[in-house]
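Throughout, read-outs are computed from the coordinates displayed, never taken from laboratory work. As the structure is a computational prediction, the values presented were derived from the model and not from experiment. Note that we place each Cβ from the backbone using ideal geometry, even for glycine, and neighbour counts take in every protein chain shown.
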Amino acid sequence: MKSRTWTLVAAVGLSLMLGGCKSDCRVVCERSQECFTSGLDVDSCTDNCQDKSDDNKDHADKAQECADCVSARVCSEVIKSCIDDCFGV
């Protein structure tokens, strides 16, 4: 019974780790919608950003820097603090 329980716990934990994390592009696009453009299509924005990131490591790095910056700040701070990290993403 114990091995069955541990297997179930491990499977649930793994699925949460793999499926519960947002991509950097998703974070950037959600914050853009929340802070700047309420009509932004987050799914389309995320797809476009992810396509660019898949093709260009510099873009992927920039998206990660931007996501790190915007995720820790409220909208008023994003404008002041994250413009350099997010420009071009």
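Observations on the model:
- Rounded to the nearest 20 debye, the dipole size of region 22-86 about its Cα centre is 240 debye, using +1 on the Cβ of Lys and Arg and -1 on the Cβ of Asp and Glu.
- In this simple spin-label model, placing a label point 7 Å from the Cα along the Cα-to-Cβ direction at both E34 and V74 gives a separation of 1.2 nm.
- Relative contact order (%) - region 22-86, alpha-carbon pairs under 8 angstrom, separation at least six: 35
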